[in-house]
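Here the structure comes first, spelled out in structure tokens, and everything after it is commentary.
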Amino acid sequence: DVIIIRTIEAFDAIIFLLIVLTTSRVVNSEKVLLNLLLVVALSLGFYSGKGGINALLTGASYYGQDNLGGFMSGSNAYALGTGMMIFIMIFCYQATTRGVLEYLHFNSRYVWLLTKFRYIILVIICGSIYNIIALESRGSFLSTVIGLLFLILLNKKRFRILALIGITLSIALTVISLPEGYEDRIKSIFADKEERDHSAAGRPHFWSTAIKMANHYPLGVGPGCFPAFYNDFDSSGGEFGFYRSVHSSHFQILADAGYLGVIVWILIYLVAGYKLIRIRSLVFQYVSDPPKQDFYINLSNALLCVILVFFIGGSFYELAYNDIIWLTFGLIITIEMKIKNLKLTERGCI
């Protein structure tokens, strides 16, 4: 079984590497880049938006749903994937203005269609936000809220946006009812150790088990093999069950790839964040056309938020091998290459 798991996870790792490399090579213009993001965001956002709107109208709760499959299977994974995609959808909404679309040389019919369709994107974004509420995923809710606040702080009109959101939320909370028990579930994030539910109380134990595993296997037990080794390192006597998940992407990497692997994992995040901040700086220096500047600044802001949401939310769920975060790394490489070309052009080097 361990050999089969390692083979499957190794195959997945090759796919993720291909996603990164292919994205950076195939996307050769801003027009292709926007089309790619529209397809990715809307193909996934359609379902999260539809789920949120349905929950809003019916008062349904999707917590614990066992029929959520795909690469973000389970309610927690689905909520975290939704939280990440919200920021890609926000960028798509920002980029589908007439000025940006005409600058990217879309034909007039497509410009007319997208400028009207952007309001549907806004509805999908709102539905997706409520979808996270309906899924009752505490870590995803917390990380998405932090991501949204961070996105607002990156905007020049941050105070106006905060005021508008404050007014909108005040009105919405008087009209929209939250799922029963939702408020208590969110409050449990900050509960004392004695007051945590079984799910929250088990996570520190799983994380400490991953550390024990890494101490015994410094190079890791292999991709996806934490559950197979869990019983051997479980010090609770089976209190939290057997063959359990590690419930954290970061501790997943620690157990799977050891200390060297988790160092590389953290470096990927640090380098990705630095590159996006650097891209923002280069755009302000070398891009003078306002639509193009807005395109890259908004995209950099969105990807910074995607990384932040996954880093926080992924601390509670085992999702290191999901497609969205690796696509994000590929997009960062892509836009960095384009901005560097602009920089070289400005200096007369190409």
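The values are calculated or read from the model by the stated rules, or taken from the named source; none is laboratory data. Only a predicted model underlies this, so the values are computations on that prediction, with no experimental measurement involved. As a convention, Cβ positions derive from the backbone with ideal geometry for all residues, glycine included, and neighbour counts pool all protein chains shown. Remember, those area values only see protein heavy atoms, side chains included, never the ligands or the DNA or RNA. Shrake-Rupley method; radii C 1.70, N 1.55, O 1.52, S 1.80 Å.
Quick look at the numbers
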quantity	calculated
ALA95 vs. criteria modelled with pLDDT under 90 and of a type in the set (Gly, Ala, Ser)	no
Residue match in region 92-114 (condition: of a type in the set (D, E, K, R), in contact with a helix residue (DSSP H, G or I) (Cβ under 9 Å, 6 or more places away or on another chain) and surrounded by 16 or more Cβ atoms within 10 Å (Cβ to Cβ))	no
Any hit, region 96-119, residues being farther than 26 Å from LEU331 by Cα and within 16 Å of the chain's Cα centre (by Cα)	no
Tally, over region 241-254, of residues that are part of a loop (DSSP other than H, G, I, E, B), among the hydroxyl-bearing types (Ser, Thr, Tyr) and surrounded by 13 or more Cβ atoms within 10 Å (Cβ to Cβ)	2
Lone unmet requirement of (1) more than 21 Å from LEU154 (Cα to Cα); (2) among the charged types (D, E, K, R); (3) modelled with pLDDT of 85 or more for GLU336	(1)
Residue in region 255-305 that is modelled with the lowest pLDDT, counting only those that are loosely packed, with under 14 Cβ neighbours inside 10 Å and not in a helix (DSSP H, G or I)	SER288
In region 209-232, residue nearest to LEU254 (Cα to Cα) [restricted to those that are in contact with an Asp or Glu (Cβ under 9 Å, 6 or more places away or on another chain) and assigned to a loop (DSSP other than H, G, I, E, B)]	GLY220
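Here's the yes/no breakdown for (1) modelled with pLDDT under 85; (2) of a type outside the set (Phe, Trp, Tyr); (3) open to solvent by less than 90 Å² (accessible area, probe 1.4 Å):
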residue: VAL2; (1), (2), (3): yes, yes, yes
residue: THR7; (1), (2), (3): yes, yes, yes
residue: LEU21; (1), (2), (3): yes, yes, yes
residue: ARG25; (1), (2), (3): yes, yes, no
residue: VAL40; (1), (2), (3): no, yes, yes
